[in-house]
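The next block holds one structure in the form of structure tokens; read it before the comments.
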Amino acid sequence: MKKRDLVVVGGGPAGMAAARAARDAGVRDILLIERDSHLGGILNQCIHPGFGLHRFKAELTGPEYADRFVKMTAAAPEIEVSLRSFVVKLTPEKRVSYLRPGALEEVEARAVIMATGCRERTREMIPIPGTRPAGVYPAGLAQKMINMEGWIPGREAVIVGSGDIGLIMARRMALEGVKVKAVIEIQDKTRGLVRNVVQCLEDFGIPLYMRHKVARIYGRDRVEGVDVVRVDDNLAAVPGSEFSLACDTVLVSVGLIPENELLEAAGAAIDPRTNGPVSAELKGTSIPGVFACGNSFKVYDLVDWVSRDSELAGKAAAAYLAGGAR
Amino acid sequence: MKAFDAAIIGAGVTGAALARELSRYRVSVLLLEKEAEPAFGVSKSNSGIIHAGTQNPPGSLKARLCVEGNRLIAGPLAAELGLDFIRCGQLIAVFDPADLPRLERIKSEGEAMGVEGLRIVDRAWLEANEPNLGPEVRAALFCPTAGMISPYRFVYALVENAAANGTELRTGSEVAAISRGADGVFALVAGGQEYRARFVVNAAGLYADRIAALAGLPPYPIKPRKGEEYLLDRKREHIANHIIFPLPSGKSKGILIIKTSDGNPMIGPTAHDTGDSGDLSTTDEGLAEVLAGARRMMPSISRSDIIAYFAGLRPAAGDDFVIRHEDALPGFFSAAGIQSPGLTAAPAIALMLARLMEGRGLKLEPKKDFRPLREKPVHLFQVSPERTRELIAEDPGYGDIVCRCEMVSAREIRDAIKRGARTLDGVKFRTRAQAGRCHGGFCTTRIMKIMREELALSPLAVTKRGAGSEIIKDERK
Ligand SMILES: Cc1cc2nc3c(=O)[nH]c(=O)nc-3n(C[C@H](O)[C@H](O)[C@H](O)COP(=O)(O)OP(=O)(O)OC[C@H]3O[C@@H](n4cnc5c(N)ncnc54)[C@H](O)[C@@H]3O)c2cc1C
Ligand SMILES: Cc1cc2nc3c(=O)[nH]c(=O)nc-3n(C[C@H](O)[C@H](O)[C@H](O)COP(=O)(O)OP(=O)(O)OC[C@H]3O[C@@H](n4cnc5c(N)ncnc54)[C@H](O)[C@@H]3O)c2cc1C
């Protein structure tokens, strides 16, 4: 079996920053494995500005921010990048198996950094009752459709949840001529950044209903509308406060969950509440020599902090390797 | 115009099983389905249990055909069609020792119907064999012949094999008119086309009453009974080793804990009559009922384990199946009211219908070149790493993972399309891509692009489950 000093799983901003920091701290044999055909992770679909204000003191788009790290990765010959490579298994002995077109590979690593990002919570998890027609999408999927493929998911949308992705997608849809009828938030404050509420909703005249929830989705084949209801402080529906909104699209933006199924299957302790790894040390996991960073460690608002903290994980892995671990 | 020997209305499990049975013989068969693909009716949303045959009224069609269907599936069909049938066995749990006599009765009734291997097991057995059961469960009836299957893949297997043996399938073909000519040949209008057939079988599930009305038959009112089901994360795969029922009360078999052949356990179904044969909505009340029922048997099940849910409608027409020749309309057969255990009974229903048709003059001469075997599609999630390695060596597309939650490769998606998938749901049912915890958040666009390549389909024309369920509305210029 092939041996490596360090394997980094996931080539988003977290994986790239961790790999580069480990290299700068002296690790000489690094394999960075990414499922997609390019590095950058979720940043590739975030074409709006607002990235890098802290890190680079510049207002970059997601792809521009990612590109700076792609260049830093490419400039380090100690980091070998394997694209279109999907990790299917991690063992407690730090064996990593991955599929790529043409091969099922296995490597034995002395240290591993998991940087697999997060997934979106779905309609099914809240859950919203009603029918299951086309037109109900996680907001990040809608972002990918529009920004990566040029596909407009609908003409009249209601957005569930006021997280940043939902807010940004409200504006993105409005810019594409989609009528965004409302953003519905069950809590009494928005989950997203204040600047996003102002720039994405207020500037576009999109109503935000706080302490409301979508009680039901209608439509057999395609979404035809939703029922919205006000909720009290215990989040229970207030009778008589229901109203309906006609729409053909419902975007769901109700939070992100760290993707740690590989770590969990390897036997690492996972906090069932956050789905993040439980660990005694910074950016570690309960398996010695296995580290985690970025959105798979915990969900971040800003990529700048992802990069900063992932560099700490890279350094921690380098220190672990320097400590003579096998 | 050519007249088919037989036209079957409805490509659910009933129609598909009949088509496959008739395809053994030298008869021409037309299978008409109104939806974009087979198995989009009741047969897609059910519990997927191949019942042992207990708990059906003695002497009913349900009772006899269920036991026989179980044998046919476990015997020849699973092997010939490459079905993922898993005989995991079933437990009927009692909470109160005073209910043991009822369990004894279910056992002796089952034995009288020919169900094999039934035995009552005590708390100690349960603790050893089903460790996650809650303390309230005192004993159970163990039914070792029960098992589980992927219901839609069962239908696809039947349809594919029937088609390979000459059955003509027409999807998107809603039967809108039926008439019987003076020569005794039926004329059917479906999807704007006219077809002729000497025998017609109504296997239209929830819509069998409408088909009967089109044919001018007195109605057998179909009363849909809704069942909501909730799927748990694959992480909970090993929560149960058997399908677990509570001792039933009243109309339904109660809230069950169901192992599925795909790994995700499922809890449900509810059973409530509804007036609307299109009502597939789930409700807050349904969720609460299912969770409470399941947690009584297994307290560790939690709401956060749920990753998906759906509702299905049982096409009930009274208490039993309606399977008969309609004497008022010679040559016309009904296979209606196929409620639970219809999935299990389907192969036996098909045999019964074939015999009825033969009795009315359909000549059933075996085909010499009948090919009973169907090549089982590859599912990476089911195969060993060694096999995965061989597959990738055969075709690099097996190493190109599209769905990361359920590990489905580009090659599997292309295969599904070659075998007939035309919609995102069709791809999902065949491959499991989009069926995992992220619900297609990561892979939907990639699947749409593969469909564009394989079917020369514009993304605007890609649907979730047929016309009207388009995924996107516009493309940016
Ligand atoms: C839909 C969405 C929109 C967002 N929009 C914004 C925004 O506008 N502004 C902002 O500041 N932040 C945004 N975020 C937060 C953003 O995720 C983080 O700032 C940052 O991208 C996280 O970096 P990461 O490397 O941890 O994760 P990701 O960028 O998600 O990268 C993870 C990488 O791991 C790969 N991977 C996962 N599993 C495997 C495997 N098994 N094998 C191989 N590779 C694997 C993935 O393909 C991916 O490339 C958004 C997040 C999401 C989910
Ligand atoms: C919640 C639930 C759980 C269940 N669990 C189980 C179980 O665990 N085990 C078991 O054995 N059974 C179970 N069942 C029962 C089982 O699902 C049904 O008995 C079976 O699927 C019925 O199949 P069918 O082919 O008769 O009907 P369908 O699958 O509905 O097929 C009828 C087809 O006819 C088509 N059609 C209708 N009208 C027309 C027209 N005008 N022209 C052309 N085509 C038309 C429909 O589109 C449909 O595809 C369950 C049912 C439900 C609802």
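The values are calculated or read from the model by the stated rules, or taken from the named source; none is laboratory data. Every value quoted in this text rests on a predicted model; they were computed, and no experiment measured them. Cβ sites come from the backbone with ideal geometry, for glycine too, and all protein chains shown count toward neighbours. These accessible areas exclude ligands, DNA and RNA; they are computed on the full protein's heavy atoms, side chains included. Shrake-Rupley method; radii C 1.70, N 1.55, O 1.52, S 1.80 Å.
Across all Cα pairs in the protein assembly as shown, the calculated P(r) in 10 Å bins from zero up to the longest distance comes to 3, 13, 21, 24, 20, 12, 6, 2, 0, 0 percent per bin. For region A:204-226, the residues whose amide N sits under 17 Å from a probe point set 7 Å from the Cα of residue A:187 along the beta carbon direction are A:208-214. Averaged over the residues of B:399-405, the number of partner chain Cβ atoms lying within 10 Å of the residue Cβ comes to 6. Histogrammed with a bin width of 10 Å, the alpha carbon distances of region B:1-146 distribute as 10, 29, 30, 18, 9, 3, 1 percent, first bin at zero. All other residues whose Cβ lies under 12 angstrom from that of residue A:229 are scored, Lys and Arg at +1 and Asp and Glu at -1, for a net of 0. FRET efficiency for the residue B:283 to residue A:199 pair, using the beta carbon distance and R₀ = 30 Å, is estimated at 0.20. The stretch between residue B:292 and residue B:187, if pulled fully straight at 0.36 nm per residue, gains 32.7 nm over its current Cα-Cα span. Here the simple spin-label model places points 7 Å from the Cα toward Cβ, and for residue A:237 and residue B:383 these points are separated by 4.8 nm.
Can you list the GluC sites (Glu not before Pro) in region A:41-95 that are in a DSSP coil and have 16 or fewer other beta carbons within 10 angstrom? Each step should come with its number before you reach the end.
Numbers: sites: A:59, A:64, A:78, A:80, A:93; in loops: A:59, A:78, A:93.
Of the GluC sites (Glu not before Pro), the ones in loops of region A:41-95 whose Cβ has at most 16 other Cβ atoms within 10 Å are A:59, A:78, A:93.
Between the DSSP loop rule and a limit of at most 10 other Cβ atoms within 10 Å, which GluC sites (Glu not before Pro) in region B:308-377 are left? Before the final figure, lay out each step's value.
Working: sites: B:326, B:358, B:375; in loops: B:326, B:375.
Listed in order of number, the matching sites amount to none.
Helices in chain B, meaning DSSP H runs of at least 4 residues, each add -39500 (n - 2.57). Divided by all residues, the mean residue ellipticity at 222 nm is -8500 deg cm²/dmol. The C-alpha atoms of chain A define a longest principal axis, and helix A:62-74 lies at about 10 degrees to it.
For a paramagnetic label modelled at 7 Å from the Cα of residue A:75 toward its Cβ, which residues of region A:29-68 fall within the zone defined by backbone nitrogen distances under 17 Å? Zone members listed by number: A:55-58, A:64-68. Working ranking of peptides B:301-313, B:147-159, B:225-237, B:9-21 by packing, defined as the average number of other Cβ atoms within 10 Å per residue, highest first, is B:9-21, B:147-159, B:225-237, B:301-313. If you plug the beta carbon distance of residue B:168 and residue A:93 into 1/(1 + (r/R0)^6) with R0 = 51 Å, you get a FRET efficiency near 0.35. The slack between residue B:194 and residue B:390, meaning 0.36 nm per residue of separation minus the straight C-alpha distance, is 65.8 nm. Taking a temperature of 4 °C and a viscosity of 1.567 mPa s, what whole-number D in µm²/s does Stokes-Einstein yield for region B:157-248 with Rh from Kirkwood over alpha carbon pairs? Estimated diffusion coefficient is 75 µm²/s.
For region B:380-461, pairs of C-alpha atoms spaced more than 19 angstrom apart make up 33 percent of the total. Normalised by residue count, region B:1-72 yields a Cα convex hull volume of 119 Å³ per residue. Size descriptors for chain B, from the alpha-carbon set: Rg then Dmax equal 22.4, 72 Å. Past 24 Å, Cα to Cα, is the threshold; run B:34/B:223; A:94/A:298; A:213/A:283; A:89/A:298; B:449/B:477 against it and keep the listed order. Distance filter (> 24 Å) returns A:213/A:283.
If both residues of a DSSP beta bridge must be in the protein assembly as shown, then about 60% of such bridges are antiparallel.
Peptide A:145-155 is shielded by partner chain Cβ atoms: per residue, an average of 5 of them sit within 10 Å of its Cβ. With the simple model of a label 7 Å out from the Cα in the direction of the Cβ, residue A:224 to residue B:96 spans 4.4 nm.
Across q = 0.13, 0.16, 0.18 Å⁻¹, region A:122-252 modelled as identical point scatterers on its alpha-carbon atoms has Debye log10 I(q)/I(0) values of -0.47, -0.73, -0.93, in the order of the q list. Distance between the pseudo-spin-label points of residue A:286 and residue B:138 (7 Å out from Cα toward the beta carbon): 3.8 nm. Only helices enter the 222 nm calculation for chain A: every DSSP H run of n ≥ 4 contributes -39,500 (n - 2.57), and dividing by all residues gives -6500 deg cm²/dmol, rounded to 500.
Taking the DSSP beta bridges with both ends in chain B, the antiparallel portion is around 70 percent.
Counting only protein heavy atoms and a 1.4 Å probe, tell me what percentage of region B:430-477's accessible area is made up of carbon and sulfur. It would help to have the intermediate numbers written out before the result.
Numbers: 880 of 1810 Å².
The computed percentage sits at 49.
With only alpha-carbon pairs counted, each pair once and no self-pairs, how large is the Kirkwood hydrodynamic radius of chain A in angstroms?
On the way: mean 1/r = 0.0480 Å⁻¹.
Kirkwood radius, chain A: 20.8 Å.
Over the Cα atoms of region B:205-353, the radius of gyration divided by the Kirkwood radius equals 1.05; this is the Rg/Rh ratio.
List the GluC sites (Glu not before Pro) within region B:132-201 that fall in a DSSP loop (any state other than H, G, I, E or B) and whose Cβ has at most 13 other Cβ atoms within 10 Å.
Answer in residue order: B:136.
Report note on the peptides A:23-34, B:407-418, A:237-248, B:44-55: ranked by the mean count of other C-beta atoms within 10 Å, highest first, their order is B:44-55, B:407-418, A:23-34, A:237-248.
Could you calculate the FRET efficiency of residue A:301 with residue B:273 from 1/(1 + (r/R0)^6), where r is the beta carbon distance between them and R0 is 60 Å, rounded to 0.05? Kindly include the intermediate steps, with their values, before the conclusion.
On the way: r = 49 Å, r/R0 = 0.81.
Rounded to the nearest 0.05, the efficiency is 0.80.
Across every direction, the projection of the convex hull enclosing the Cα atoms of region A:217-326 has a mean area of 11.0 nm².
Probing with 1.4 Å while keeping every protein chain in the model, the per residue accessible area of the protein assembly as shown equals 38 Å².
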